[in-house]
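**Student:** The structure that follows is given in the form of C-alpha cells.
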Amino acid sequence: MQIKIFEFNMVFVNTYLLYDETKEAVIIDCGAFTEKECNRLKEYITSGKLKIKHVLNTHLHFDHVLGNRFIYLNYGLKPQYSEQEDRMPNLKIQAASFGLRIDYEPVRAENFINGDDYIHFGNTTLKALPTPGHSPGSLSFYCEKDHCVFTGDALFRHDIGRTDLWEGDKTTLIHAIRNHLLTLPENTVIFPGHGPTSTVMEEKQHNIYLRI
C-alpha cells in the first residue's frame, strides 16, 4: 500500500490518500479547503490514474471534513463515519465557533461505520477501531498487512487529542487508546490527524498520558 500525505487548511490537517497496485484508493479525513488545495489533490489522483472507492472520516470536527464536498462534487462519493458523530454540531456551527464562515451544508454519510467493520479497496483491507473520547464516535483505521494505523485526533506523537470540545471525555479517550491502539503490534506506525508519525512502541514508552 502506498500512503500519500497532504497537509491541508488553516489547522494543518493530515489528509491521507491510500492506494495499492490495483490503483483503487481511499481518502481519510479530506481537509482540502482552498481551490489550490483541492486542485493539488485532484491532480495527484488524476496523474496516478487512481479510482477513489471510499471517503472515510475518523471524526467530524470541521477541519477534517472541509474537503468532503469537493470529493462528492468531483467523484460522487459521500463520506463514511460513525453514526455517533452526528451527535455533534454540524460543519457550519463548528466552523462559526472558530471564526470561520461556511456557506454550504455538509455532505451526509453514504453509510455508517461501526467499530470492527472492515473497509476493502483493491487488495487492501482496513479495520475500523473504536477510539472515542476526542469526539463521541471517533474511529481509527488499521491496516494489519502494512503495519499502520490512522488515528485521527485520538492519538498523536507523545500526545492525545483534546477533550474539551463537543462531547469529549478524557477518561473515555485514554481507555480507548489503551484497549484498541496500544494493543496493536509495537512496530505499528501511527499516522495521526496532525503532526508527525509515531509507533505504538514509542507511545508506550514516551506518551505521558498513557503511563500506567
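**Student:** Taking every DSSP beta bridge with both residues inside the chain, roughly what % is antiparallel (nearest 5)? Write down the numbers at each step before the final one.
**Tutor:** Numbers: 26 of 39 bridges.
So the antiparallel bridges in the chain amount to around 65 percent.
**Student:** Any idea what log10 I(q)/I(0) is at q = 0.22 Å⁻¹ for region 1-106, Debye with uniform C-alpha scatterers and no solvent?
**Tutor:** Reported log10 I(q)/I(0), two decimals: -1.23.
**Student:** Further, regarding this structure: Rolling a 1.4 angstrom probe over the protein heavy atoms, how many square angstrom per residue are accessible across region 150-190? Each step should come with its number before you reach the end.
**Tutor:** On the way: 1910 Å² over 41 residues.
The answer is 47 Å² per residue.
**Student:** Still on this structure: Taking the Cα centre of the chain as origin and charging only Cβ (+1 Lys, Arg; -1 Asp, Glu), how large is the dipole, in debye to the nearest 20? Please report the intermediate quantities before stating the final value.
**Tutor:** Details: 22 positive and 27 negative charges, 60 e Å.
Using only the charged Cβ atoms, the result is roughly 280 debye.
**Student:** State the extension gain, in nm to one decimal, for the chain segment bounded by Phe12 and Thr183, taking 0.36 nm per residue of separation less the distance between their alpha-carbons. Don't skip to the answer; put the middle values down first.
**Tutor:** On the way: separation 171, 0.36 × 171 = 61.56 nm, distance 2.82 nm.
Full extension of this stretch gives 58.7 nm more.
**Student:** Using only the alpha carbons of region 1-62, determine the length spanned along each of the three principal axes and report them from longest to shortest in whole angstroms.
**Tutor:** Answer, in whole Å and largest first: 32, 24, 15 Å.
**Student:** Within region 56-179, what is the number of lysine pairs with alpha carbons under 27 Å apart, leaving out pairs fewer than eight places apart on the same chain? Mind dumping the intermediate values first?
**Tutor:** Values: Lys78/Lys92; Lys78/Lys127; Lys78/Lys145; Lys92/Lys170; Lys127/Lys145; Lys127/Lys170.
Total qualifying Lys-Lys pairs in region 56-179 comes to 6.
**Student:** To continue, here is another question. Could you work out which residue, out of Tyr104, Tyr142, Tyr19, moves most in a Gaussian network model of the chain, that is, has the largest mean-square fluctuation with Cα springs under 10 Å?
**Tutor:** Tyr104
**Student:** Among Lys127, Lys170, Lys36, which one moves the most in a GNM of the chain with springs linking Cα atoms closer than 10 Å?
**Tutor:** Greatest mean-square fluctuation among the candidates belongs to Lys36.
**Student:** May I pose another question? Under a point spin-label approximation (7 Å from Cα along Cα-to-Cβ), what is the Glu83-Glu110 distance to one decimal in nm?
**Tutor:** Rounded to a tenth, the inter-label distance reads 1.9 nm.
**Student:** Could you order the peptides 66-73, 94-101 from most to least packed, using the average number of other C-beta atoms within 10 Å per residue?
**Tutor:** On the way: 66-73: 20.6, 94-101: 13.4.
Descending packing order for the listed peptides: 66-73, 94-101.
**Student:** Pick from Asp29, Asp153, Asp103 the residue whose mean-square fluctuation is largest in a GNM of the chain, springs joining Cα atoms under 10 Å.
**Tutor:** In this elastic network of the chain, the residue with the biggest mean-square fluctuation among Asp29, Asp153, Asp103 is Asp103.
**Student:** Tell me the per residue accessible area of region 1-139 using a 1.4 Å probe; a whole number in Å² is fine. Can you show the working numbers first?
**Tutor:** Working: 6370 Å² over 139 residues.
Value returned for region 1-139: 46 Å² of accessible area per residue.
**Student:** Ignoring ligands, DNA and RNA, what percent of the accessible area of region 1-157 is carbon or sulfur (1.4 Å)? The partial results should precede the final answer.
**Tutor:** Numbers: 3270 of 6940 Å².
The C+S portion of the solvent-accessible surface of region 1-157 is 47 percent.
**Student:** Quantify, in whole percent, the carbon and sulfur part of the accessible surface of region 164-212 (1.4 Å probe; protein heavy atoms only).
**Tutor:** Values: 1470 of 2710 Å².
Ligands and nucleic acids excluded, carbon and sulfur give 54 percent.
**Student:** Determine the principal axes of the Cα atoms in the chain, then give the extent along each, sorted from largest to smallest and rounded to whole angstroms.
**Tutor:** Largest to smallest, the principal-axis extents are 46, 42, 27 Å.
The values are calculated or read from the model by the stated rules, or taken from the named source; none is laboratory data. Here the structure is a predicted model, which is why all the values come from computation and not from measurement. All Cβ positions, glycine included, derive from the backbone under ideal geometry; neighbour counts span all protein chains shown. When the accessible area is computed, the model is the full protein with side chains, heavy atoms only, and any ligands, DNA or RNA have been set aside. Shrake-Rupley method; radii C 1.70, N 1.55, O 1.52, S 1.80 Å.
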